[in-house]
Amino acid sequence: MSVAAANSETIGDLVERYHTWLRDRTILKKMRQWTEITTPFLDRHNDCIQIYARREDGGFLLTDDAYTLNDLEISGCGLDTPKRKELLQTTLNGFGIKLVDGALQVHATAENFAARKHNLVQAVLAVNDLFYLASPTLKSLFLEDVAAWLDLNGVRYLPRVKIPGLSGFDHVFDFAIPKSSSRPERLVKAVGNPNRDSAQSYAFAWLDTQPTRPKNAAAYAIINDSDRAVSTTVTDAFSAYGISSIIWSQRDTASSDLAA
């Protein structure tokens, strides 16, 4: 969508467009006691993320069937350090997701099924993004690098902030920078693996929460370009929905916007 087209629609229109896109591209398949839910969101291999649901204890159990962490292990990204385990647990806590025998799980009722399903898919995306470049030879993860840069520049922030949106879904932002005398509140996402899905997911999170935030609140995406150039498709998408892009290799030009 062009910037002009996005600007001509209301936030409600854009959120409804997202809901329609999500509904129309979700596929269900019955598998004995389980129902396989294929979502339109893509994992690190550009495969659609699949989760599974079944009735349990008067409600529903939702799980990724341990796929996310098993895939990371096979790819050489083991959770073999206390720091990685802490980052994983912090990420899952932000979405209310439990880790059970290597599987990401959450229980739901009929009333909150949609929200819990949303949280599980967002957790899978977040874990994929968090460990995208976490080969055993790397000393840090992109989220750690961004936090260290913010600290170096004296940026005051709250980490991993959960904010409810108008839709009833919760959204987790990596950093929330409080309002100052010269700048409004700023919400920041560290985008380690910039692609269409990460852009779409963050755009919806911002559109859904923006009306609940103080006037003039702003959103930023700090985009990793360490291993490849960032596609203009990603930056154009962020721009269309009012999100300011900070390319990691050019981050020093934007430090004053966040530090003030």
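The values are calculated or read from the model by the stated rules, or taken from the named source; none is laboratory data. Worth saying up front: this structure is predicted, and the values here are computed from it rather than measured. In this analysis, Cβ positions are derived from the backbone assuming ideal geometry, glycine residues included, and neighbour counts consider all displayed protein chains.
So, in region 217-235, exactly how many residues are of a type in the set (S, T, N, Q) and crowded, with 22+ Cβ neighbours inside 10 Å? Within region 217-235, residues that are of a type in the set (S, T, N, Q) and crowded, with 22+ Cβ neighbours inside 10 Å number 1.
On the stretch given as region 72-109, residues that are outside any loop (DSSP other than H, G, I, E, B), among the polar types (S, T, N, Q) and either in contact with a His (Cβ under 9 Å, 6 or more places away or on another chain) or over 16 Å from Leu141 (Cα atoms) (or both) total 2.
Only one of Leu72, Leu42, Leu104 is modelled with pLDDT of 95 or more, in contact with a helix residue (DSSP H, G or I) (Cβ under 9 Å, 6 or more places away or on another chain) and not charged (D, E, K, R). Can you tell me which?
Exactly one residue qualifies, and that residue is Leu104.
Within region 98-113, the set of residues being without any contact (Cβ under 8 Å) to a residue 40 or more places away in the chain and either within 19 Å of Leu125 (Cβ to Cβ) or not assigned by TED's automatic domain parsing to the domain that holds Arg54 (or both) comprises Lys98, Leu99, Gly102.
Which of the following residues is part of a helix (DSSP H, G or I), assigned by TED's automatic domain parsing to the domain that holds Arg116 and crowded, with 19+ Cβ neighbours inside 10 Å: Leu69, Leu62?
Values: Leu62 fails: part of a helix (DSSP H, G or I).
From the options Leu69, Leu62, the qualifying one is Leu69.
In the set Ala176, Ala134, Ala123, Ala148, which member is modelled with pLDDT of 95 or more and of a type outside the set (Asp, Glu)?
On the way: Ala134 fails: modelled with pLDDT of 95 or more; Ala123 fails: modelled with pLDDT of 95 or more; Ala148 fails: modelled with pLDDT of 95 or more.
Within the list Ala176, Ala134, Ala123, Ala148, the selection yields Ala176.
Looking only at region 236-252, filter to residues that are part of a strand (DSSP E or B) and of a type in the set (Gly, Ala, Ser); which one of those is nearest to Val191 (Cα to Cα)? Checked region 236-252; the qualifying residue nearest to Val191 (Cα to Cα) is Ser245. Within the option set Ser201, Ser167, Ser181, being of a type outside the set (A, V, I, L, M, F, W, C), assigned by TED's automatic domain parsing to the domain that holds Gln250 and part of a helix (DSSP H, G or I) holds for one residue only, Ser201.
Residues are listed down the side, and each one gets a yes or a no for (1) under 14 Å from the mean Cα position of the chain (by Cα); (2) within 28 Å of Asn119 (Cβ to Cβ):
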residue: Asn195; (1), (2): yes, yes
residue: Asp208; (1), (2): yes, yes
residue: Arg213; (1), (2): no, yes
residue: Ala219; (1), (2): yes, yes
residue: Arg228; (1), (2): no, no
residue: Ser255; (1), (2): no, no
residue: Ala260; (1), (2): no, no
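Could you please let me know if Val161 is assigned to a strand (DSSP E or B) and assigned by TED's automatic domain parsing to the domain that holds Cys48? Judged against the criteria, Val161 is not a match.
Taking the listed residues Gly192, Gly168, Gly154, the one that is on the phi > 0 side of the Ramachandran plot and either modelled with pLDDT under 90 or of a type in the set (Ser, Thr, Tyr) (or both) is Gly168, with no other qualifying. Figure legend. Inter-residue proximity from region 27-51: first residues over 18 Å from His118 (Cα atoms), second residues of a type in the set (S, T, N, Q) and buried (at least 16 other Cβ atoms within 10 Å of the Cβ), beta-carbon distance below 6 Å, spacing 6+ or different chains. Indicated pairs: Arg44/Asn128.
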